[in-house]
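Just so it is clear, none of the values below were taken in a lab; they were calculated from the coordinates. These figures come from a predicted structure and were not determined experimentally. Cβ coordinates were reconstructed from backbone atoms using ideal geometry, including for glycine residues, and neighbour counts include every protein chain displayed.
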Amino acid sequence: MIAHVHPAEHHHDTESTIVFGFWIYIMSDCILFATLFAAFAVLHTHTFGGPGPKELFSMPVVLAETFILLTSSFTYGLALLAAFRKHQRQVIGFLIVTFILGLSFVTIEITEFTHLVLEGHSWKSSAFLSSFFTLVGTHGLHVSLGLIWMLGAIIQVKRHGLTHMTQRKLTALSLFWHFLDIVWIFVFTIVYLMGMI
């Protein structure tokens, strides 16, 4: 005897699988970043006779980066609230503001990296710089991927409106974006703040 699955049940199962899969991805990213933080913790004193964090990092720049990323998390939260209220134009507006903030963050990070490399402090210079570039660069890469995802979300909301599918994607992106915010707070504290003390 063949059991017939009700369409609503099938839809619920698919939703659960997608949500579960996304949480597995976030957990795997947690492990990735935990490994990179552990490597940095071990290697941050291995400067190979070269300059350390106090000589290389500019606190005003890092504070600007932090402010920009935290603000982008706030504006994304406003976009999600607007999505729940079915205010499509507000959603697009807040997503565009979030995208600009995220792009500003990545631009500052690339500028910081370029400046370090041009000054002769590349990832090849010491174990400290290798771990720094890997950790901060991996976070920057995630933000860049988040921006591509956000651009896709803006296009989808503009084309299809606030459907169940687009709202689900916006919620998933929200989790990802806030996760990157939390990771950056650890980067700011462990890499920059503790490095400057």
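Quick one: in region 54-74, of everything that is within 16 Å of the chain's Cα centre (by Cα) and polar (S, T, N, Q), which residue is nearest to Phe188 (Cα to Cα)?
My answer is Thr66.
Any idea which residue in region 51-69 is farthest from Ile110 (Cα to Cα), counting only those that are out of contact with any Phe, Trp or Tyr (no Cβ under 8 Å at 6 or more places or on another chain) and part of a loop (DSSP other than H, G, I, E, B)?
The extreme case among them is Pro51.
Do you know which of the residues in region 75-101 that are small (Gly, Ala, Ser) and closer than 20 Å to His160 by Cβ is nearest to the chain's Cα centre (by Cα)?
So, considering only residues that are small (Gly, Ala, Ser) and closer than 20 Å to His160 by Cβ, the one nearest to the chain's Cα centre (by Cα) is Ala79.
Can you find, within region 29-79, the residue that is surrounded by the most Cβ atoms within 10 Å (Cβ to Cβ) among those that are of a type in the set (Gly, Ala, Ser) and within 18 Å of Gly137 (Cβ to Cβ)?
Ala39
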